[in-house]
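What follows is a single structure, written as C-alpha cells, with notes after it.
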Amino acid sequence: MNAEICLKKLSYTGVLYFATVGLDRTPQLRCISAVHFEPDAFYFFTARGKDFCRELLLDGQVQILAYTRYKEMIRVFATAAAVSEHEQKKYIDMIFEEQPYLANVYPGSTRDIGIVFAVRDMRIEYFNLGSNPIFREQYSMGKGKIRQKGYEISDRCIGCGTCVRGCPQQCIEAGSPYRIIQEHCLHCGSCFEHCPVQAVERKTGDNSANL
C-alpha cells in the first residue's frame, strides 16, 4: 500500500465526504462526487455561491473521508486551493465529461458558476478493518507531513503483561520495554488505561504541521 494506491481506491468509491469548519465555526460535512483524479492530486467542482466554496476560499483546510466495500477507511488531510483562472475551464470540462450526471445539475453554460479546487499536498491515513489483524498506515504526498498518532510504551515498563491481556488486536510484543506493533494498533487506548505504572504514553503528533 502507498499514497498512489490510496488515491486510486478513492477514485473507485464514487463519493467523498468533505469536512470543513463552517463560517459560524460549526462542523460541516458534504458529499462530493464531481471529482477528477490524477496520480498525484485530485480536483473537485463546486459552485461559487455555496457556503462550501466560501469556507474553502477562507481557509482551505479539509478532511476527506471514503469507506470502501472492503471495510477500508481512507482519510485525507490537506489544504484545498482553487485552480488557477486559466485552468478552470479545462478542469471543469474534464470533470463534466467524466461525470455525465452533472449536465443535469448544471446544464449548458450554467456550469460557469462552478469553481474547481485542487488537493495536492496531503497526509493520507489508510485503515483496513477487514483484515486480520487490522492494518493501518500513514502516507504523504507532495508536501504533506506524517503525524504521529496512537500509543507507545516507555522505559517505565515493568514487563507485567497487563497491556497484552487487554489488547483487542494482540499487537503488543514482549520485550524490555514491551512494544506496540503500530500497523496493527486500533488506537483504542486499552493499554494506556490499564498499565499499572503509566508506562504507556500517547503520541503527541507535534510534527504534524497543518496537514
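The values are calculated or read from the model by the stated rules, or taken from the named source; none is laboratory data. Treat the numbers as computed from the prediction; the structure is a model and nothing was measured. Because the Cβ atoms are built from the backbone with ideal geometry, glycine has one as well, and the counts that use them run over all protein chains shown.
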- Query: Out of segment 90-108, which residues are touching a Phe, Trp or Tyr at 6+ places or on another chain (Cβ under 9 Å), under 22 Å from residue 10 (Cβ atoms) and not in a helix (DSSP H, G or I)?
  - Reply: 99
- Message: Being more than 18 Å from residue 121 (Cα to Cα), in contact with a Gly (Cβ under 8 Å, 6 or more places away or on another chain) and surrounded by fewer than 19 Cβ atoms within 10 Å (Cβ to Cβ): is that true of residue 24 here?
- Response: no
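What residue, of 149, 143, is surrounded by fewer than 16 Cβ atoms within 10 Å (Cβ to Cβ) and in contact with a Lys or Arg (Cβ under 9 Å, 6 or more places away or on another chain)?
Numbers: 149 fails: surrounded by fewer than 16 Cβ atoms within 10 Å (Cβ to Cβ).
Answer to the check: 143.
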- For residue 101, state whether it is surrounded by 14 or more Cβ atoms within 10 Å (Cβ to Cβ) and either within 12 Å of residue 43 (Cα to Cα) or hydroxyl-bearing (Ser, Thr, Tyr) (or both). no
- Starting from residues that are hydrophobic (A, V, I, L, M, F, W, C) and touching a Phe, Trp or Tyr at 6+ places or on another chain (Cβ under 7 Å), keep the ones in segment 139-163 and report whichever is farthest from residue 1 (Cα to Cα). 157
- Query: How many residues, within segment 53-92, are surrounded by 19 or more Cβ atoms within 10 Å (Cβ to Cβ), aromatic (Phe, Trp, Tyr) and under 18 Å from the mean Cα position of the chain (by Cα)?
  - Reply: 1
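Considering each residue of segment 118-138, count those that are touching a Phe, Trp or Tyr at 6+ places or on another chain (Cβ under 6 Å) and not polar (S, T, N, Q), and give that number.
Step one: of segment 118-138, the residues touching a Phe, Trp or Tyr at 6+ places or on another chain (Cβ under 6 Å) are 118-119, 123-124, 128, 130, 136-137.
From what is left, the residues that are not polar (S, T, N, Q) are 118-119, 123-124, 130, 136-137.
The number of residues fulfilling the criteria is 7.
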- Query: In segment 16-36, which residues are in contact (Cβ under 8 Å) with a residue 12 or more places away in the chain and among the polar types (S, T, N, Q)?
  - Reply: 20, 28, 33
- Query: Any residue at all in segment 184-201 that is modelled with pLDDT under 95 and among the small types (Gly, Ala, Ser)?
  - Reply: no
- Among residues of segment 140-163, those that are out of contact with any helix residue (DSSP H, G or I) (no Cβ under 7 Å at 6 or more places or on another chain), among the hydrophobic types (A, V, I, L, M, F, W, C) and over 19 Å from residue 200 (Cβ atoms), counted: 1
- Query: Within segment 42-100, can you find the residues that are modelled with pLDDT of 95 or more, of a type in the set (Gly, Ala, Ser) and in contact with a strand residue (DSSP E or B) (Cβ under 7 Å, 6 or more places away or on another chain)?
  - Reply: 47, 66, 78, 80, 81, 82
- Which condition number in (1) on the phi > 0 side of the Ramachandran plot; (2) in contact with a Ser or Thr (Cβ under 8 Å, 6 or more places away or on another chain) is the one that residue 142 fails? (2)
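Of the residues in segment 104-122, how many are surrounded by fewer than 17 Cβ atoms within 10 Å (Cβ to Cβ) and in contact with a strand residue (DSSP E or B) (Cβ under 8 Å, 6 or more places away or on another chain)?
Step one: list which residues in segment 104-122 are surrounded by fewer than 17 Cβ atoms within 10 Å (Cβ to Cβ), which gives 104-105, 107-110, 112-113.
Add one more test, that the residue is in contact with a strand residue (DSSP E or B) (Cβ under 8 Å, 6 or more places away or on another chain), and what stays is 113.
Total meeting the criteria: 1.
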